[in-house]
Amino acid sequence: MMRVLRRLLIGKPLHNRELAHEKLPKWKALSIFSSDALSSVAYGPEQIMLALVAVPSLVAYGFMGPVAIGILSLLAIVVLSYVQVAKANPEGGGAYTVAKKNLGKMPALVAAGSVFADYVLTAAVSVSAGTAAIVSAFPALAGREVTIDVLVLFAILMLINLRGVRESSNAFVIPTYAFLFGIIILIVIGIWKSVTAPYLLPPESLARQQLDWAMLFVILRAFANGCSSMTGVEAIADSVPMFRKPEARNAAITTYWMAGILGFMFLGITYLVMHYHILPIAEVTAMSQLAEEIFGRSAAYYYIQITTMLVLYLAGNTAYNGLPVLLSIVAKDGYMPRYLATRGERLTFSNGIILLTVAAALLIIVFQGNTEHLISLYAIGVFISFTIAQSSMVVHWNRERGKGWQVRALLNGIGATTTGLVVLIITITKFLYGAWIILLFIPIMIYIFTAIRGHYNSIADQLHLPEECYEKGAATFPEGKHIVIVPVSTTTRVVYETIKYAKMIGDNILAVHVSNNEETTKKVVEKWKLWDPGIELIVIRSPYRLLMRPLLHFIEKKEREKGPDDYITVIIPEFETRKSWHRILHNQTGWFLRNTLIWRENVIVTTVPYHLKE
């Protein structure tokens, strides 16, 4: 039953040779890797507005245009410089890989920790923003945001991604392009109406309000909030191997497509927010207000809200395609658990997908699905990784010194300087609003990375075959005794099968019965003599009715008596019930004994399961 359900939800296993068919063309890659960046227009301009209208009398509202222009300029710089990362690292991994090659271990780990935080936040913010969009259209859903978010994470994003890259891209293409179509129509009609409608942009006097330190802080915080629209730009460079050949060229072209579409939509939505004087309303997003202002509560309004909800949910998929790949690379280097580098049945990094889902769900629960609070943590991680990546590329071009390397190094140098300044701005303006959490999280992740690597190094040293084993004649092994201990509760078919197995692996067999009831022990001894397996039954008295402790003391005694080349194997007889609920009707002495003995250095533990037919 479980196997049928698994096949229904995830699909049949894929052969290794089918990996080539999981590669993506550019038009599909745009929907699957750019949905995070493109969908950010649903909340990026709104976050700028929220920061600017937080001051009295809306005195900073007029600065929304210049802030948006600044963000678009930053987008152009980052995209032009990040394309170089994709070309220089066709194996993927983005900032982590390029930093490891050019700057060393510590900057690479900082980049990995930053991108890990960013991708988890991408999933959490996208899903929360998607729920906010649909709650704006259907207020009856208010109060159920966290439940909806968690269901979307586990029942949609996780399951679709576990089915494989090809199926996830097929599922996401239509909603993404439907959203792009709707937003472009919204912008075009909105701008056309702005030409004929009597609305005016905020007076120039508001935009030219006297700049003091307090006002500058507000403007910089609005800029930091708006930078959330640039998260996801790095996803293409992180996932170059998932493109069809030529991978690096296709990734670069897709990056340019994404940047052009994002820039147009971001500028258009910002203009419309300013033109219609959109202000914060509880439980209603700025996009919902715009759509209602332009289309009214018509079918077009609900089309915008529903496609916005879908694309924001699917924007979390950028994290699902970027983070598992990055984790697999980090895991191969030994800084994350090895199983994160293993592909699952559907050729996806399924363990990384599950880890991302759980982490994003915990974040949503902690912050109660509040998009504004989650965005306060956003952007700093990705801009730290941007800065490290661009700095690494400067070193890369200086080493390579190919044709036109000076121009490329200059481009990446400008990118590193710019994104470094953005990191400083975000840190200062959003520190008390949550940025400190990420600044604390990254060192914790670095500690975890190094601890995992230290563990793997320690294991490798301990398991390394010593040099003397390669010497001539070293393949001969010393002879020793094999002591086999079989705990016996009562003489049953299970014990019979266990003794039969014990005789196949050793001649020195000790059957041990712990007695806490004289009458029961007498029956066991009589039955044992009647059966006569040719092995003496050792009876240990337990007047305090303990079972485990006397047996453990007996095993410890044999440990002290055995020679240095002798082995002790404890074989535990067990029967397995046909139905799982039957297990609660029986004690779990064998399970407890096995888990206790497994920690002893000089004792081998095994079980002989006997499967009941009924």
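Throughout, read-outs are computed from the coordinates displayed, never taken from laboratory work. Quick caveat: nothing in here was measured; it's all calculated off a predicted structure. A quick note on method: Cβ atoms are made from the backbone with ideal geometry, for glycine too, and the neighbour counts reach across all protein chains shown.
Here are some notes:
- Cα-based helix-to-principal-axis angle, 286-295 vs the chain, degrees rounded to 10: 50 degrees
- Projected over all directions and averaged, the alpha-carbon convex hull of region 384-535 occupies 22.4 nm².
- Think of the chain as having a plus end and a minus end, set by charges on the Cβ of Lys, Arg, Asp and Glu; of Gly65, Gln390, Gly480, Gly480 sits farthest toward the positive end of this dipole.
- Relative to its Kirkwood radius, the Cα radius of gyration of region 482-611 gives an Rg/Rh of 0.95.
- The distance between label points at Ala140 and Ile189 comes to 2.5 nm (points 7 Å beyond Cα on the Cα→Cβ vector).
- Protection proxy ranking for 109-120, 548-559, using the average of other Cβ atoms within 10 Å per residue and placing the highest first: 109-120, 548-559.
- Å³ per residue enclosed by the Cα convex hull of the chain: 226 Å³
- Among 454-463, 96-105, 297-306, the order from most to least packed when residues are scored by Cβ within 10 Å on average: 96-105, 297-306, 454-463
- Computed over the chain, the per-residue total of -39500 (n - 2.57) for DSSP H runs of n ≥ 4 gives a 222 nm mean residue ellipticity of -20500 deg cm²/dmol, rounded to 500.
- What you get for the chain, charging only the Cβ of Lys and Arg (+1) and of Asp and Glu (-1), is a dipole of about 1200 debye around the Cα centre.
- Note that region 40-158 shows a convex hull volume over its alpha carbon atoms of 169 Å³ per residue.
- Mean shadow area of region 212-317, taken as a quarter of the surface of its Cα convex hull (nm²): 9.3 nm²
- Helix 165-196 and the long axis of the chain differ in direction by around 20°, with both axes built from C-alpha atoms.
- Euclidean distance of C-alpha centroids, region 516-544 and region 491-509, integer Å: 16 Å
- Once the chain from Gln406 to Asn508 is taken as fully extended at 0.36 nm per residue, the excess over their C-alpha distance is 29.0 nm.
- DSSP beta bridges fully contained in the chain are about 5 percent antiparallel.
- Each of Met215, Ala99, Gly420 was scored by the projection of its Cα onto the charge dipole of the chain, and the greatest displacement toward the positive side belongs to Ala99; charges sit on the C-beta of Lys, Arg, Asp and Glu.
- Stretched out straight at 0.36 nm per residue, the stretch from Ser489 to Tyr501 would grow longer than its current Cα-Cα span by 2.6 nm.
- Of the Cα atoms belonging to region 118-157, the radius of gyration and Dmax stand at 10.1, 32 Å.
- Check: region 482-611 dipole with +1 on Lys, Arg Cβ and -1 on Asp, Glu Cβ, in debye: 480 debye
- Crossing angle, helix 548-561 versus the chain [Cα axis fit, 0-90 degrees, rounded to tens]: 70 degrees
- Ordering of 37-48, 143-154 by packing [mean C-beta count within 10 Å, highest first]: 37-48, 143-154
- For the cross-link pairs Lys523/Lys579; Lys332/Lys562; Lys558/Lys613; Lys500/Lys558, the ones whose C-alpha atoms lie over 32 Å apart are Lys332/Lys562; Lys558/Lys613.
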